[in-house]
Amino acid sequence: MYLFFPLERCHIDVGAKANRLRRMLSAGFPVPTAYVISEEGYSKASAEELAEDVGELMETVFAGSPVVVRSSSADEDSPLASAAGVYESYLNRRTTDEVLTAIQACRDSADSVDAKAYRSMHGATERAPMNVLIQRMVPCEVSGVLYSRNPIAENATMLVESSKGLGTRVVAGLGAMDRFTLSRSGGAASPAGRRDWAVTEGTLSEVLATLGHSLEAEFGSPQDVEWGLHEGQLYIFQSRDIVVPPVAQPLRMTRPETAGAVAVDEVLSPGYGVGVLTPAGEGPARLGQVVILDGMPTAGELDRLRDASALVVRVGNALSHSAALTRELAIPAVLLADVDTPSSLVGVPVLVDAVAGRLAPLLELPPVERKKAIFAAMRQAGLRGTTGHQYQGRYETVLFDPVFQDRVRAYLSTHDVEIMDRVQSILPFDDPDRSYCGISARIQSSGDACRVQFKRANLLPDRPFRFDEEVHVGVESTDVGAELLRSLHYVDRPVQERRIETAEVNGVRLQFNFWPGANQSYLGLESENAEAVENFLVLCDVPLAEIAPLDGKDLFDMLGLGLDAVHFTQKS
């Protein structure tokens, strides 16, 4: 037997799954016996050689025991891409022929629709080498998944989902029979080389907490662990890094309040999504849809749903493979088993609050909370790369004094910095009650370019800057942008125009603003780095005391226009 290597002696280049199992085995974790065949070994072997080696394994190492055949692809179980459930595993194989068929099927799954869709989602095009594990199958009485860092809550807990028998129900997203959290405080890793992973009545939580801390210590980051119990002994079948969603949640003070809305059964993927509630169709999800699904989506289905604002799922659970993939894409998703509730809201704009765990008809939220909801959803879409959405977070400040503005202009002229001059048309939108909260929505057009801008201005205490978050949604025309905003219960106001002169220098964007009817112009300075703005002003001999972090209302009051005049009346 030369094609298969025992797990403890396999090469490190046989995929993260096999390599991690090897590391856990050598560290004293309870990993079932396994053998590995590499992509290279499989491709060089004849059918007769492969059958001979598998037959020998089944007659000696695995004699009298069923096995599971599992993938260990070079592109799964990485810190950036889990490929959870994308490649196939085959349980309860007992004969040589069954194992040979499963090995081939496991390798073929690298070219499945789901695998190709998953690679596409991560920008990959080529099939990675597929190594294969043959592992002793443990007839578990209870199996489950442990996340050593809760993926759907912001508190310091671990999350466990389990079911009777094998863990297929949990990982397949069919719902968990038991679900509980474990405190991370006070826990400790087990000593290296510990061999005793026995579980007695009432000690499962304690042992799993120790396991979570121990695996974090081994691999250096929070872990997604598949485990099982058989005759009082804990076994580990997999441990991989938890892939962190690419979208951090908004600051608590900026989040919409949804108390009183419909409570969902479970958050599957955190975040916010706003859109019209729509049953899943055959084609790709359209922008601005919250899609209802009967069950957890496959990787191929997620590829079609990647532009959905959020998902409402009727059957599922948070530690399933599908939920892990949904979090990788940062698509907000919730479980709501009550069939009548989502059905009654079909065709209605809703907020999916996949942080507090609620579903709210958008128009039932108070105006300020509705604005917060819309911006939180647009921020999520921009940060996760939804088609046509671009997020921008910048420090911004304003310079009013014309003398100091002239100093800036002199610096630009001396250093031959080009200044672009254009007229920008702005169509502002607001909720019917015109509530002001530092969040705005408007359509901006200049030349042939048109976009919808969602903006939130956050004043920073004791600093001469705001931190402005903007999401730009490219649209074909003003009419298309207006349709989007009206679907969110915004109403349009009369059009305004302003002339702007813009320049870029040393990582700072400069914009001289000229509003019709204003008593003066002003200079806006913005950058992703506040220190870049400060350094630029020093170069221009402008004191920092001359800049101010004004919000929109104060800004236009200083222009002698007032907020109403700027936003809601035609220019003279």
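The values are calculated or read from the model by the stated rules, or taken from the named source; none is laboratory data. Since the structure is predicted, the reported quantities are computational estimates derived from the model, not experimental observations. With ideal geometry, Cβ positions are generated from the backbone for all residues, glycine too; neighbour counts draw on all protein chains shown.
Quick notes
- Residue match in region 241-260 (condition: of a type in the set (Gly, Ala, Ser), touching a Pro at 6+ places or on another chain (Cβ under 8 Å) and closer than 20 Å to LEU359 by Cβ): no
- Matching residues in region 96-108 - criterion: being of a type in the set (Ser, Thr, Tyr) and either at pLDDT below 95 or more than 17 Å from SER65 (Cβ to Cβ) (or both): THR101
- Of all residues in region 520-553, none satisfies the criterion of being more than 35 Å from the chain's Cα centre (by Cα), small (Gly, Ala, Ser) and modelled with pLDDT of 95 or more.
- Positions within region 480-514 being of a type in the set (S, T, N, Q) and either within 19 Å of THR397 (Cα to Cα) or exposed (fewer than 15 other Cβ atoms within 10 Å of the Cβ) (or both), in sequence order: SER487, THR502, ASN506, GLN511, ASN513
- Condition met for SER185 (surrounded by fewer than 20 Cβ atoms within 10 Å (Cβ to Cβ), of a type in the set (Ser, Thr, Tyr) and outside the structural domain of ALA27 (by TED's automatic domain parsing)): yes
- A Cβ distance below 6 Å, combined with a sequence gap of six or more or placement on separate chains, defines the contacts here; from region 504-532, residues that are in the same structural domain as LEU561 (by TED's automatic domain parsing) and closer than 22 Å to ASP554 by Cα reach residues that are in a helix (DSSP H, G or I) and not aromatic (Phe, Trp, Tyr) in the pairs LEU523/GLN405; LEU525/VAL533; SER527/VAL533.
- Scanning region 137-154 turns up no residue that is of a type in the set (S, T, N, Q), surrounded by fewer than 17 Cβ atoms within 10 Å (Cβ to Cβ) and in contact (Cβ under 8 Å) with a residue 40 or more places away in the chain.
- Enumerated helices (runs of 4 or more DSSP H) restricted to region 282-344, each holding at least 3 residues that are over 18 Å from ALA84 (Cα atoms) and not assigned by TED's automatic domain parsing to the domain that holds GLY481: 340-344
- Hits in region 445-480 (condition: farther than 20 Å from ALA377 by Cβ and in a strand (DSSP E or B)): SER445, SER446, ALA449, CYS450, LEU459, ARG466
- With respect to the stated conditions, LEU311 fails to be over 18 Å from the mean Cα position of the chain (by Cα) and either over 23 Å from GLU154 (Cβ atoms) or modelled with pLDDT of 95 or more (or both).
- In the set (1) more than 20 Å from ALA324 (Cβ to Cβ); (2) free of Cβ contacts under 8 Å to residues at least 40 places away in the same chain, the condition left unmet by SER89 is number (1).
- Boolean, VAL243 is in contact with a Ser or Thr (Cβ under 6 Å, 6 or more places away or on another chain) and either part of a strand (DSSP E or B) or in contact (Cβ under 8 Å) with a residue 24 or more places away in the chain (or both): yes
- Scanning region 360-388 for residues that are touching a helix residue (DSSP H, G or I) at 6+ places or on another chain (Cβ under 7 Å) and more than 18 Å from GLN453 (Cα to Cα) gives LEU362, LEU365.
- Some residue of region 355-362 being more than 29 Å from ILE547 (Cα to Cα) and assigned to a helix (DSSP H, G or I): yes
- One residue stands out in region 431-444 among those that are part of a strand (DSSP E or B) and in contact with a Pro (Cβ under 9 Å, 6 or more places away or on another chain): the one that is surrounded by the fewest Cβ atoms within 10 Å (Cβ to Cβ), namely SER440.
- Entry remark, region 27-69: residues being among the polar types (S, T, N, Q), over 23 Å from ALA16 (Cα atoms) and touching a strand residue (DSSP E or B) at 6+ places or on another chain (Cβ under 8 Å) number 1 in total.
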